[in-house]
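The values are calculated or read from the model by the stated rules, or taken from the named source; none is laboratory data. Here the structure is a predicted model, which is why all the values come from computation and not from measurement. Because the Cβ atoms are built from the backbone with ideal geometry, glycine has one as well, and the counts that use them run over all protein chains shown. Just so you know, the surface numbers come from the protein's heavy atoms only, side chains and all, with ligands and any DNA or RNA stripped out. Shrake-Rupley method; radii C 1.70, N 1.55, O 1.52, S 1.80 Å.
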Amino acid sequence: MPSPEATIDSVEIDRIISSHIDLEGPLLPILHALQDAFGFLPSQAHAPIAEALNISRAELHGVISFYHDFHNAPKGRHVLKICRAEACQSVGGTALAENTLAKLGLDWHGTTADGAVTVEPVYCLGLCACAPAVMIGDKVIGRVDATRMDTIISEASA
Amino acid sequence: MKITVPMDSAAKAVGADEVVQALLAAAKDKGIEVEITRTGTRGMIWLEPLVEVEIDGLRHGFGPATPEDAAAILDGNSDKALGPVEALDWMKRQTRLTFARVGVIDPLSLDDYKAHGGLAGLKRAVSMTGQEITDEVKASGLRGRGGAGFPTGIKWQTVHDAEEPQKYIVCNADEGDSGTFADRMIMEGDPFTLIEGMTIAGLGVGATKGYVYLRSEYPDAINVMRKAVDIAHKAGVLGADVLGSGRAFDMEIRMGAGAYVCGEETSLLNSLEGKRGVVRAKPPLPALEGFLGRPTVVNNVISLATVPVIFEKGAQYYADFGLGRSRGTVTLQIAGNVARGGLFETAFGIGLDEVVNDLGGGTLSGRPVKAVQIGGPLGSYLPVSKFDAKLGYEELDSQGGLLGHAGMVVFDDTANMLGMARFAMEFCAVESCGKCTPCRIGAVRGVETIDRIAQGDMDALPLLADLCETMKDGSLCALGGFTPLPVMSAVTHFPDEFSNAKEAAE
């Protein structure tokens, strides 16, 4: 399998940077756009971003590593975010999360061997009155129980 | 046949989209013509998906609806029928000022918005000077709904008086507190009210540019807000000539990147500038040196979304609601282990017992209520013995509580309070920006200390209290400064769970 870095198009990187450069505070929008385009933040983008924004690569690394959303390597085809916050805990969210991780044989941030699902913690999806809640991709699901979770995972693995 | 179904993410999370598909399919089968409009949610989340059918000009509710209910809803013989929605107890008992249109209108129809009082406030504001606008907000008594409760008008005055060619309005839509969803609900259900509020703020303080810093965990809200800004721009509500007034205001939606601490205003500003979301020391106040070092109003979504109704109905009308120094309405978010969860807007001063046991109907599990955490992960756990507390900023403070963003998470008697205290420290450790030592190191030590208590080491209890004192006094922002609140309130109100932790575990 070719490394994901090998397929990165530097023209696309430059296009994304230049289309956001005139914003006030362009860095987060650039990082989000790059991650949308490539599925992760390719290291080839670091030098051109630093150059365009006149910041050091150390500063750029500092920003990327600060935020939970940004990642330097591809994730599974589906990212399952399970809410760990208090409202979800009050209706069994902790057990739901632990059982799901155990069933998949994963720890938080882990990806299944077939590359189908990455499981991430999230702290609140704003679905606190229909908890426990999860998000898969951009789709939110509330009142998740063990059966519902099985369906979510089998659909994602299909 | 006119039908509305919410497109709010809480409704979608429990199957609203599937219900819409089923309604369309059933209508086709029966040869009935239906017109389905997607709205925000009324806030009765336990009834979602809530289908509303217009009968003789009144909207009748059916919920919680499943796809299997579709045919019966169309036939008018569904056992999910609730009667006219406005007549439901939960709706009748509210004073919906900020949320008046949420669940009623099509969120992305500017005509619908205007037909329900939208833009009336802005039309009035364009004829006023910046000082008059600021004075109106002061007179309303509006205080920051994000948690701190700082008087909004005073903040606006500081920015108004600052002399700089470029000022900003920044809306804090980084609603990361568990148990809160009011910001999300209004952005998904009535986005133009936030746009109108930010525009009035811009006219008031002389800012021509606004940003909404919206958390990435809310993709639906981001989507709706972006579309709404686009529509407002095309309609001349935003732009170089706001409603033909000759005054300019424009705005953009910016997405956060999953850092809880960016809900703190100075950390948010750093993030917006493209930096690490670390907290800034104050002073200088953001009102004087905020975004890019320029004077900036940073207000919560609900604060800004309340501004239009203040200008539409007048400051005095708004100020006439409330209790003590908490004027106007509070948007309670009732969540967690509760039978009837959702959003309830009412005048400040309602009692906690009424909220949890009467409105909320007690726990979802049917077990006794043990505690309520008010104000998010940095708020206190209040036991049932404190349920006579009144919900106002000062009133709750006097009970050792924190109103915060007015979210409340209910727990039943199976809740493990030592576990919740440990989680508060763990969360602080995960989300600390790392700038100040009491928070960065203290939270890690806090987890370890609570683990010692769990092992039966009673010497660790005074250590925990001491650590909390240090975090409270020495942290730069509310994350480190208020994490001791949930921890120590759990220790104070549920001492047995800490002193007998080991026996309880065994």
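For segment B:224-275, what are the residues that are within 14 Å of chain A (Cβ to nearest Cβ), farther than 17 Å from B:TYR211 by Cβ and in contact with a helix residue (DSSP H, G or I) (Cβ under 9 Å, 6 or more places away or on another chain)?
B:TYR260, B:VAL261
What's the number of the only condition in (1) in contact with a helix residue (DSSP H, G or I) (Cβ under 6 Å, 6 or more places away or on another chain); (2) outside any helix (DSSP H, G or I) that B:GLU163 fails to meet?
Only one criterion in (1) in contact with a helix residue (DSSP H, G or I) (Cβ under 6 Å, 6 or more places away or on another chain); (2) outside any helix (DSSP H, G or I) is unmet by B:GLU163, namely (1).
What's the total number of residues in segment A:113-124 that are among the hydroxyl-bearing types (Ser, Thr, Tyr), within 7 Å of chain B (Cβ to nearest Cβ) and outside any loop (DSSP other than H, G, I, E, B)?
0
Going through segment A:52-79 one residue at a time, which ones are in contact (Cβ under 8 Å) with a residue 60 or more places away in the chain and touching a Gly at 6+ places or on another chain (Cβ under 9 Å)?
Those that are in contact (Cβ under 8 Å) with a residue 60 or more places away in the chain and touching a Gly at 6+ places or on another chain (Cβ under 9 Å): A:PRO74, A:ARG77, A:HIS78.
Just to be sure, is B:ALA454 buried (at least 18 other Cβ atoms within 10 Å of the Cβ) and either within 14 Å of chain A (Cβ to nearest Cβ) or among the β-branched types (Val, Ile, Thr) (or both)?
no
Within segment B:370-391, identify whether any single residue is within 11 Å of chain A (Cβ to nearest Cβ), open to solvent by 20 Å² or more (accessible area, probe 1.4 Å), assigned to a strand (DSSP E or B) and hydrophobic (A, V, I, L, M, F, W, C), and answer yes or no.
no
So, in segment A:125-143, how many residues would count as being surrounded by fewer than 24 Cβ atoms within 10 Å (Cβ to Cβ) and either more than 7 Å from every other protein chain (Cβ to nearest Cβ) or on the phi > 0 side of the Ramachandran plot (or both)?
Narrowing segment A:125-143 to residues surrounded by fewer than 24 Cβ atoms within 10 Å (Cβ to Cβ): A:135-139, A:141, A:143.
Filter once more, keeping what is either more than 7 Å from every other protein chain (Cβ to nearest Cβ) or on the phi > 0 side of the Ramachandran plot (or both): A:135-137, A:139, A:143.
Selection size over segment A:125-143: 5.
Kindly provide the set of residues from segment B:232-266 that are of a type in the set (D, E, K, R) and over 21 Å from B:MET187 (Cβ atoms), ordered by number.
Passing the criteria: B:ASP241, B:ARG247.
Got a sec? Which of B:GLY322, B:GLY293 is surrounded by fewer than 24 Cβ atoms within 10 Å (Cβ to Cβ) and more than 22 Å from the chain's Cα centre (by Cα)?
B:GLY293
Among the listed residues B:MET408, B:MET420, which satisfies the condition of being within 30 Å of B:GLY324 (Cα to Cα) and modelled with pLDDT of 95 or more?
Of the residues listed, the single one that is within 30 Å of B:GLY324 (Cα to Cα) and modelled with pLDDT of 95 or more is B:MET408.
Among (1) in contact with a Gly (Cβ under 9 Å, 6 or more places away or on another chain); (2) within 14 Å of chain A (Cβ to nearest Cβ), which single condition is B:ASN416 missing?
In the conditions (1) in contact with a Gly (Cβ under 9 Å, 6 or more places away or on another chain); (2) within 14 Å of chain A (Cβ to nearest Cβ), B:ASN416 misses (1) alone.
Could you please find all residues in segment B:44-97 being hydroxyl-bearing (Ser, Thr, Tyr) and over 12 Å from B:VAL19 (Cα atoms)?
B:SER78, B:THR95
Which of the residues that make up segment B:16-55 are open to solvent by less than 50 Å² (accessible area, probe 1.4 Å), under 16 Å from B:ALA71 (Cα atoms) and not in a strand (DSSP E or B)? Walk me through how you get there before you give the answer.
Filtering segment B:16-55 for residues open to solvent by less than 50 Å² (accessible area, probe 1.4 Å) gives B:16, B:19-20, B:22-23, B:26-27, B:34, B:36-37, B:39-45, B:47-53.
Those left that are additionally under 16 Å from B:ALA71 (Cα atoms): B:16, B:19-20, B:22-23, B:26-27, B:34, B:36, B:49-53.
Of everything in segment B:16-55, those that are open to solvent by less than 50 Å² (accessible area, probe 1.4 Å), under 16 Å from B:ALA71 (Cα atoms) and not in a strand (DSSP E or B) turn out to be B:ALA16, B:VAL19, B:VAL20, B:ALA22, B:LEU23, B:ALA26, B:ALA27, B:VAL34, B:PRO49, B:LEU50.
Tell me which residues, restricted to segment B:94-151, are more than 30 Å from B:ALA16 (Cα to Cα), open to solvent by less than 10 Å² (accessible area, probe 1.4 Å) and of a type in the set (Gly, Ala, Ser). Break it down into steps so the answer makes sense when it comes.
Step one: of segment B:94-151, the residues more than 30 Å from B:ALA16 (Cα to Cα) are B:120-144, B:147-151.
Filter once more, keeping what is open to solvent by less than 10 Å² (accessible area, probe 1.4 Å): B:121-122, B:125, B:133-134, B:137, B:140, B:142, B:149.
Those that are more than 30 Å from B:ALA16 (Cα to Cα), open to solvent by less than 10 Å² (accessible area, probe 1.4 Å) and of a type in the set (Gly, Ala, Ser): B:GLY121, B:ALA125, B:SER140, B:GLY149.
Any chance you could count how many residues in segment B:98-124 are in contact with an Asp or Glu (Cβ under 7 Å, 6 or more places away or on another chain), assigned to a helix (DSSP H, G or I) and among the aliphatic types (A, V, I, L, M)?
Of the residues in that region, 2 qualify.
Scan segment A:59-95 for residues that are of a type outside the set (D, E, K, R), open to solvent by less than 20 Å² (accessible area, probe 1.4 Å) and within 14 Å of another protein chain (Cβ to nearest Cβ) and report the count.
Of the residues in segment A:59-95, 14 are of a type outside the set (D, E, K, R), open to solvent by less than 20 Å² (accessible area, probe 1.4 Å) and within 14 Å of another protein chain (Cβ to nearest Cβ).
From B:PRO462, B:PRO484, which residue is buried (at least 24 other Cβ atoms within 10 Å of the Cβ) and free of Cβ contacts under 8 Å to residues at least 24 places away in the same chain?
Being buried (at least 24 other Cβ atoms within 10 Å of the Cβ) and free of Cβ contacts under 8 Å to residues at least 24 places away in the same chain holds for just one of B:PRO462, B:PRO484, which is B:PRO484.
For segment A:23-36, give me each residue that is assigned to a helix (DSSP H, G or I) and open to solvent by 50 Å² or more (accessible area, probe 1.4 Å).
Selection gives A:ASP36 alone.
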